[in-house]
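The values are calculated or read from the model by the stated rules, or taken from the named source; none is laboratory data. Bear in mind the structure is a predicted one, so any value in this text is a computation, not a measurement. Reconstructed Cβ throughout: ideal geometry from the backbone, glycine too, with neighbour counts over all protein chains shown. Side chains are part of the model used for accessible areas, which takes the heavy atoms of the whole protein and leaves out ligands, DNA and RNA. Shrake-Rupley method; radii C 1.70, N 1.55, O 1.52, S 1.80 Å.
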Amino acid sequence: MVAIAARSPRFLDGPDWQFPWQGGYSDNDLALFVQTVRHARPLVIKPFIAACFAQTPPEDVIDAIYAETMKMSTAAACAIWYDMAFADLRAVLPEVAVPALLMYGAQSKIFPGPLDEWIAAQLPDATVTRFADSGHAPFSEEPERFNQVLAEFL
């Protein structure tokens, strides 16, 4: 079994890809984001955190989440981001041989559009659960339902 929450097989734009990160994410956008993380991390990470929610959380919540992100070194954060951004896992989805649960927030600004439906169509055995009151973080915005759906799947 595999459970996927608010994830995409590809971040970057492409002529054959309709669900890039935040609706449009080029190589230049990636370079600008990572350079800003390196030199002025809060300028991009705090807006990213806010964008993860259907409704922008209070500043103290954003600050608390940001403090958690600071536990990872900037070099590691940039390396992980590059790895995710340059990955293109679309071709391997049909090879997933176990049941998959896809959990996505219906109000996601991070991966807007019916990405969950696209992924489900690529997987041999997928179940989609949408969280109507959530953005990119249904585990935070609707934790009880998220945990219930995950527990039932497992």
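Miscellaneous remarks
- Radius of gyration (Cα atoms) of region 61-132, expressed as a multiple of 2.2 N^0.38 Å: 1.39.
- Gain on full stretching of the segment that runs from L43 to D60 - 0.36 nm per residue minus C-alpha separation: 4.5 nm
- Of all beta bridges that DSSP places with both ends in the chain, some 15 percent have antiparallel geometry.
- Separation of region 1-34 from region 96-130 is 14 Å, based on Cα centroids.
- A 1.4 Å probe run over the protein chains yields, for region 30-154, 54 Å² of accessible area per residue, whole-number rounding.
- Here the accessible area is traced with a 1.4 Å probe on the protein chains. For the chain, carbon and sulfur cover 58 percent of it.
- For the chain, built as a Gaussian network whose Cα springs stay under 10 Å, the top-fluctuating residue of I110, I119, I65: I65
- Charge tally in the Cβ shell below 13 Å around L115, where Lys, Arg are +1 and Asp, Glu are -1, L115 excluded: +3
- Across every pair of non-identical alpha carbons in region 94-154, the mean reciprocal distance, once inverted, gives a Kirkwood radius of 11.9 Å.
- Around the amide H of F131, modelled in the peptide plane, lie the amide H atoms of Y104, G105, A106, all under 5 Å away and 5 or more residues distant in sequence or on another chain.
- Computed about the Cα centre, the dipole magnitude for the chain is approximately 300 debye when only Lys and Arg (+1) and Asp and Glu (-1) carry charge, each at its Cβ.
- Within the assembled protein chains, the solvent-accessible surface assigned to M84 is about 50 Å², based on a 1.4 Å probe.
- Estimated at 0.36 nm per residue, the fully extended path between M1 and R130 surpasses their Cα-Cα distance by 44.6 nm.
- Principal axis dimensions, largest first and in whole angstrom, of region 15-125 by Cα: 41, 28, 26
- Take every Cα pair under 8 Å whose residues are at least 6 apart in sequence, average their separation, divide by the length of the chain, and the relative contact order is 31 percent.
- Packing-based order for 129-137, 34-42, using average beta carbon neighbours within 10 Å, highest first: 129-137, 34-42
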